[in-house]
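A quick write-up on the structure given underneath.
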């Protein structure tokens, strides 16, 4: 997957904000002030960190060799997905959706309501 396509997908999420809080090599997308995806933009192939349900995180790691415990993240709740073409694009985008939804679910009711209006 190409970075431009990923950025467009991330940006289309309600309330998504693009930032570089950790330096120019790590692109971060947040919703409600909380991270839902990190992209190592200098890596080849691209690597993204995504939040995941702990049981699902383990299952994805068992299923795909390009899904590993989250780099510099809580390894129980985050996966690093290496975008080497071994995982179908729709599966990767589904993982992004799960990450976003988990973060949104953790936000206050007021913030979730604001996102519905966006």
Within the stretch 96-111, does at least one residue satisfy the condition of being without any contact (Cβ under 8 Å) to a residue 60 or more places away in the chain and buried (at least 20 other Cβ atoms within 10 Å of the Cβ)? no
What about residue 30, is it farther than 23 Å from residue 108 by Cα and touching a helix residue (DSSP H, G or I) at 6+ places or on another chain (Cβ under 9 Å)? no
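For the stretch 53-118, give me every one of the helices (runs of 4 or more DSSP H) that falls completely inside it and has 1 or more residues that are under 20 Å from residue 3 (Cβ atoms), modelled with pLDDT of 95 or more and within 12 Å of the chain's Cα centre (by Cα).
The qualifying helices (runs of 4 or more DSSP H) are 89-106.
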Any idea which of (1) in a helix (DSSP H, G or I); (2) over 15 Å from residue 102 (Cβ atoms); (3) in contact with a strand residue (DSSP E or B) (Cβ under 7 Å, 6 or more places away or on another chain); (4) in contact (Cβ under 8 Å) with a residue 24 or more places away in the chain is the one residue 45 doesn't satisfy? (1)
Going through the stretch 1-31 in order, the residues found to be surrounded by 11 or more Cβ atoms within 10 Å (Cβ to Cβ) and farther than 16 Å from residue 96 by Cβ are 19, 20, 22, 25, 26
What number goes with the only condition from (1) out of contact with any strand residue (DSSP E or B) (no Cβ under 6 Å at 6 or more places or on another chain); (2) over 14 Å from residue 29 (Cβ atoms) that residue 80 does not pass? (1)
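The values are calculated or read from the model by the stated rules, or taken from the named source; none is laboratory data. On a predicted model such as this, the values are computed, not experimentally measured, just so you know. Backbone-built Cβ (ideal geometry, glycine too); neighbour counts: all protein chains shown.
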